[in-house]
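Student: Structure incoming, see below.
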There are 2 protein chains.
Amino acid sequence: MILKAKIIPIKTGKHTVIMNQSDADEIGLFEGDRVRIISKKSTVALVQISVGLIEKGEVGICMGVAEECMISDGDEVNLIPIPKPKSVEYIRKKLDGKKLSRDEIYEIVRDIVNDTLTEIELTTFVLSSHIHGMDFDEIEWLTRAMVETGDVLTFEGGTVVDKHSIGGVPGNKISLIVVPVVASAGLLIPKTSSRAITSASGTADTMEVLANVNLSIEEIKEITERVGGVIAWTGATNIAPADDKIIKVEYPLAIDPRPQLLASVMAKKAAVGAKDVVIDIPVGAGSKVPDVEVGKSLANDFVELGRRLGLNVTCALTYGGQPIGRAVGPALEAWEALKALEEKRGAKSLIEKALGIAGIIFEIAGKALNGYEYAKSIFESGKALEKFKQIVEAQGGNPNVKSDDIQIGDKTYDFVAQIDGAVANVMNERIVKIARAAGAPKDKGAGVLLFKKGGSHVKKGDVLFRIYAEKEWKLDKAIEIAMREPPIIVSGMILERYPSYRFMQ
Amino acid sequence: MILKAKIIPIKTGKHTVIMNQSDADEIGLFEGDRVRIISKKSTVALVQISVGLIEKGEVGICMGVAEECMISDGDEVNLIPIPKPKSVEYIRKKLDGKKLSRDEIYEIVRDIVNDTLTEIELTTFVLSSHIHGMDFDEIEWLTRAMVETGDVLTFEGGTVVDKHSIGGVPGNKISLIVVPVVASAGLLIPKTSSRAITSASGTADTMEVLANVNLSIEEIKEITERVGGVIAWTGATNIAPADDKIIKVEYPLAIDPRPQLLASVMAKKAAVGAKDVVIDIPVGAGSKVPDVEVGKSLANDFVELGRRLGLNVTCALTYGGQPIGRAVGPALEAWEALKALEEKRGAKSLIEKALGIAGIIFEIAGKALNGYEYAKSIFESGKALEKFKQIVEAQGGNPNVKSDDIQIGDKTYDFVAQIDGAVANVMNERIVKIARAAGAPKDKGAGVLLFKKGGSHVKKGDVLFRIYAEKEWKLDKAIEIAMREPPIIVSGMILERYPSYRFMQ
């Protein structure tokens, strides 16, 4: 069908063309069907039906398609209906609860990466895997397909190790300590990390306070080979690109299907060429894993998946019931980590955990018998600080930066204890909500600093936590939320008042 | 957040605004999140993130939103993030396999009707119901919610009856006979029907050959009260509007979850005020219900759902293994039905079925003890033809139209038997595929006319079927498909040749 192109000044992830109802009927097309567009060049796009503005004989061409096919406004283009890709049939199969073959999973992942699936089709794949689950064959194939449809790193020499946290606990800035400790011992640790989606700061957001994290795969390789470690943002590379697209479906539904969780983590580790890998699984109320039993079962799955992929995986179940360290928010977390490296000490929950994880890496990589002591000796020798500065410099940051140079938001508000008592609870989700309301992760200086954590004794008037913000209106919003939903509970307090305000009748 | 409006000349079903990544980060918004837009008026829209073309400080406003809030290009608008609707939480609950309450289902259906759910959320609701199923309470609430979120009809006097086919068998034009037969007996039958989605002709497409089917709910009531019956298109009314939006998710996945099927059919019957209802369930290879056991179980569900809604439901399991009558395609089917009314006879599969269904209506409405004989007497008396003409006239058609006046496509092609034998199989899906390729339902005159059906003896050279089309290129396409996938199988034939063509090496 020959139609006149009308360029639509919008660029979205998907290739889309917009048709008039009558033309769509003429060639039997429905919304979500696919067409091949032929002009100077040719591509495949999904059909949307416009309820106005596209006349009969016209076709709306979104910018992405226009650029790819070199179409200008008013050009004649040819639209040919084409069948759904094979992968849709395989997704239907998974919807029916059947096991997928290796080739079927590869086909689905390729189409996810190439954006050829509609939102309905991709959602169906994610939900079907969520509800029906996947067996280990399928999870292995999914992981391999995710690796192979993206960039991969190979190192000629050296022992390549890595760590990953499944997330869910605020203030988890341990990578800024683990990476330099491990690299100081001569191991290679090309750590890629994510930015915050629902948290207050991802490791990439935190590291970005001190250095550039938008590194290409070549830069990651070069820096790792040169200084032993890197802390980069996965999103700037093309490592396991299917992952981001799958997460876009999971996020609005607040689901984290285990097959995708396993594949997502392990694909990233396999893609950077790591052989010995430690997975941090925070366990506790308000984290992703509610109890140790679930944590163990997940750990078993990681180890088994690692075995299938040829990776030596050990999991650490860590305490995730309250934030790690005291700081939550990009600049505050960078400050806390750098301070710890400078002073060779810091909050126990941060130092013990970081050195514990580094220690396991040393043990499984055959570097030390008592990994924790080895890690501690590196940390306390000052070598870790030196290494961290080398990494910062290699990533384009200032190696001479001191923790106290780090800019924290200058709008602050302290919450103080209203009664004497002990801290019964520090609630992860509420801390994150407040830090995000204050501006984190976008405003680097925004966040929450804890002065008291679970078990601390407090006196009336003691500061419990401080909110930092860069903008007054965000501080106000964060204060309002913190008042309504206090994140630190001193025993005897009222948890929440509902409704928050009394209304006049 | 105050942004400058940039009007995007596109109108889609959903309310959408398009933001720059940086602004979205600033207030913590992700794709699929919701904002309230405040200008001269205010509304809620879903956020899309543009990968270009929307500058920082700008917001793309789609036409629907622009019109509703009276926003012009360059206006300042205020965007305030708002939480997900409650219904998303309920959809999550269904995803986890839990039973929904009455209020939860009503909330979901209201949000479906108001287009406040994203495609991911709506897909999740449909798939979760598909995989986990719904119990009868939930199905009843779903049906009631679908009725109550749309228009409903009430008649002051008279016995209101209705019929519905769950579809799946081609050529099922029986409503054009059932409605006038039933109306002739003084019953009220406000029949609303669908257009083809995947079939060659829906009842609305067929009736449209003879009269206007785009009737308002008031016109349906008025005509039914005046002449006893109507054959209208549901889509022109606001009857059970949730149904169409749900079907938009089911269609691309080719699924038909039983809870939605039951609710979809029964909501439409309840909405028009029918008390006695016959459901036609075609059973057989190539229809929606493969065997009688499945048909019975579905029939039980319809009867039970009817009981809960206060409707007297009887199901007829009918033979659906090959087309009903001989004609497939809008004009051909209208021709076959009108011809049967004129001549008081026709293909057995058409006449027997139509009178059988009408007969059951008469029996359950207490109009006759032997419903079939009663229906037959009306049909043979010529009253049904007279009534049909009244209905056509009431719907703005020409009451004096003769079957032979109906315009059929003038491009034709006959397929003839290559051998002597008997017809072993007439394949529904292939017939539909050919008719659609020939142009049905968009080209009213396109379709397939069968000269031989299952069991017929044929001699080499006998015409098996004829393809009709309005356009030469569509006829060619249909012929090509029919050659590759013959729809009428004479015993001894090769079913299919694969690959279709021999390639030179």
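Student: Decide, for the range B:2-82, between rounded, prolate and oblate: order the square roots of the alpha carbon gyration tensor eigenvalues as a ≥ b ≥ c, take rounded if a/c falls under 1.5, and otherwise choose prolate if a/b is larger than b/c, else oblate.
Tutor: The shape class here is rounded.
Student: Counting only Cα, what are the radius of gyration and maximum Cα-Cα distance Dmax of the range B:64-155, in Å?
Tutor: Cα-based Rg and Dmax for the range B:64-155 come out at 16.5, 52 Å.
Student: Looking at the calculated P(r) for the range A:90-233, what percent of the C-alpha pair distances fall above 24 Å?
Tutor: 48
Student: A follow-up question, please. Of A:Lys93/B:Lys442; B:Lys191/B:Lys376; B:Lys41/B:Lys268, which pairs sit farther than 25 Å apart, going by alpha carbon to alpha carbon?
Tutor: Correct reply: A:Lys93/B:Lys442; B:Lys41/B:Lys268.
Student: Residue by residue through the range A:332-338, which ³J(HN,Hα) values in whole Hz follow from phi under the Karplus form 6.51 cos²θ - 1.76 cosθ + 1.60 (θ = phi - 60°), with glycine and proline marked x?
Tutor: Result, rounded to whole Hz: 4, 6, 4, 4, 5, 5, 5.
Student: Between B:Glu342 and A:Asp462, with labels modelled 7 Å along Cα→Cβ, what's the label distance in nm to one decimal, could you check?
Tutor: 9.7
Student: Okay, next question. As I understand it, the dipole of the protein assembly as shown uses +1 on the Cβ of Lys and Arg and -1 on the Cβ of Asp and Glu, about the Cα centre. Which of B:Asn172, A:Gly421, B:Phe451 lies farthest toward its positive end?
Tutor: Comparing the listed Cα positions along the dipole, A:Gly421 ranks first.
Student: Place +1 on the Cβ of every Lys and Arg and -1 on the Cβ of every Asp and Glu in the range A:86-133, take the dipole about the Cα centre, and give the residue among A:Asn114, A:Ser87, A:Ser101 whose Cα lies farthest towards its positive end.
Tutor: The residue sitting farthest along the positive end of the dipole is A:Ser101.
Student: Could you pull out every residue, at least 5 positions away or on a different chain, whose amide H is within less than 5 Å of the one on A:Val490? Hs are placed 1.01 Å off N in the peptide plane, and Pro or chain starts have none.
Tutor: A:Ala424
Student: What does the average come to when, for each residue of peptide B:247-255, you count the partner chain Cβ atoms lying within 10 Å of its Cβ?
Tutor: 5
Student: Take every Cα pair under 8 Å in chain A that's 6+ residues apart, average their separations, divide by the length, and report that relative contact order as a whole percent.
Tutor: 13
Student: Another question, if that's okay. For the range B:49-118, would you read off the P(r) tail past 15 Å as a percentage of all alpha carbon pairs? Numbers along the way, then the final one.
Tutor: Working: 1619 of 2415 pairs.
Counting every Cα pair in the range B:49-118, those more than 15 Å apart make up 67 percent.
Student: Now a separate question. Enter the Cα centre distance for the pair the range B:325-346 and the range A:177-231, rounded to the nearest angstrom.
Tutor: A separation of 74 Å, based on Cα centres.
Student: Under the definition of partner shielding as Cβ atoms of other protein chains within 10 Å of a residue Cβ, what is the mean value for peptide A:117-124?
Tutor: 6
Student: Also, quick follow-up: Report Rg/Rh for chain B, rounded to two decimals, where Rg is the Cα radius of gyration and Rh the Kirkwood radius.
Tutor: That ratio equals 1.03.
Student: Counting other C-beta atoms within 10 Å, and keeping those with at most 11, which DSSP coil GluC sites (Glu not before Pro) do you find in the range A:107-197?
Tutor: Passing both the DSSP loop test and the Cβ count: A:Glu156.
Student: Just to confirm the filter: which trypsin sites (Lys or Arg not before Pro) across the range A:366-438 are DSSP coil and have at most 16 other Cβ within 10 angstrom of their Cβ?
Tutor: Loop-located and lightly packed - A:Lys402.
Student: Run the simple label-point estimate for A:Leu53 and B:Arg484 please: 7 Å along Cα→C-beta, distance reported in nm.
Tutor: Taking the simple label geometry, A:Leu53 and B:Arg484 are separated by 3.7 nm.
Student: In nm², what is the average projected area of the convex hull enclosing the Cα atoms of the protein assembly as shown?
Tutor: So the mean shadow area of the Cα hull is 46.7 nm².
Student: Now for a different question. Work out the FRET efficiency for A:Lys296 and B:Lys93 from their Cβ-Cβ distance, taking R0 = 22 Å, and round it to the nearest 0.05.
Tutor: Given R0 = 22 Å and the Cβ-Cβ separation, E is 0.20.
Student: Once you have all Cα-Cα distances for the range B:86-133, histogram them in 10 Å bins from zero and send the whole-percent values.
Tutor: 31, 61, 8
Student: Give me the orientation-averaged projected area of the Cα convex hull of the range A:1-147, in nm², one decimal.
Tutor: Directional mean of the projected Cα hull area for the range A:1-147 stands at 9.1 nm².
Student: What number, rounded to the nearest 500 deg cm²/dmol, is the helix-based mean residue ellipticity at 222 nm of chain B, given -39500 (n - 2.57) per DSSP H run of at least four residues and division by all its residues?
Tutor: Theoretical 222 nm ellipticity from helices: -12500 deg cm²/dmol.
Student: Give the residue from B:Leu338, A:Val126, A:Leu53 lying farthest towards the positive end of the charge dipole for the protein assembly as shown; charges sit on Cβ (+1 for Lys and Arg, -1 for Asp and Glu) and the dipole is referred to the Cα centre.
Tutor: The Cα lying farthest towards the positive end belongs to A:Val126.
Student: While we're looking at this one, here's another question. Using DSSP to call loops (not H, G, I, E or B), can you name the trypsin sites (Lys or Arg not before Pro) in the range B:95-166 whose Cβ has at most 16 other Cβ atoms within 10 angstrom?
Tutor: Details: sites: B:Lys98, B:Lys99, B:Arg102, B:Arg110, B:Arg144, B:Lys163; in loops: B:Lys98, B:Lys99.
In loop regions of the range B:95-166 (DSSP not H, G, I, E or B), the sparsely surrounded trypsin sites (Lys or Arg not before Pro) are B:Lys98, B:Lys99.
Student: So, one more: Check which residues have an amide H placed less than 5 Å from A:Asp420's amide H, if you skip close sequence neighbours.
Tutor: A:Lys460
Student: Hey, rough spin-label estimate for B:Asp420 and B:Lys471, points 7 angstrom out along Cα→Cβ, what's it come to in nanometres?
Tutor: About 4.3 nm separates the two model spin labels.
Student: Restricting the count to DSSP beta bridges whose residues both fall in chain B, what percent are antiparallel, rounded to a multiple of 5?
Tutor: Within chain B, antiparallel bridges account for around 50 percent of the total.
Student: Okay, next question. Quick one: which residues, 5 or more positions from B:Ser193 or on another chain, have an amide H under 5 Å from its amide H? H modelled 1.01 Å from N in the peptide plane, none for Pro or chain starts.
Tutor: Amide H to amide H, under 5 Å and 5 or more residues apart or across chains, B:Ser193 pairs with B:Ala232, B:Trp233, B:Thr234.
Student: Another one. To the nearest Å, what is the center-to-center distance of the range B:28-96 and the range B:275-305, using C-alpha atoms only?
Tutor: 43
Read-outs throughout are calculated quantities, based only on the coordinates presented, and are distinct from any laboratory measurement. In this text, all values refer to a predicted model and were calculated from it rather than measured experimentally. Quick reminder, even Gly has a Cβ in these numbers, built from the backbone with ideal geometry, and neighbours come from all protein chains shown.
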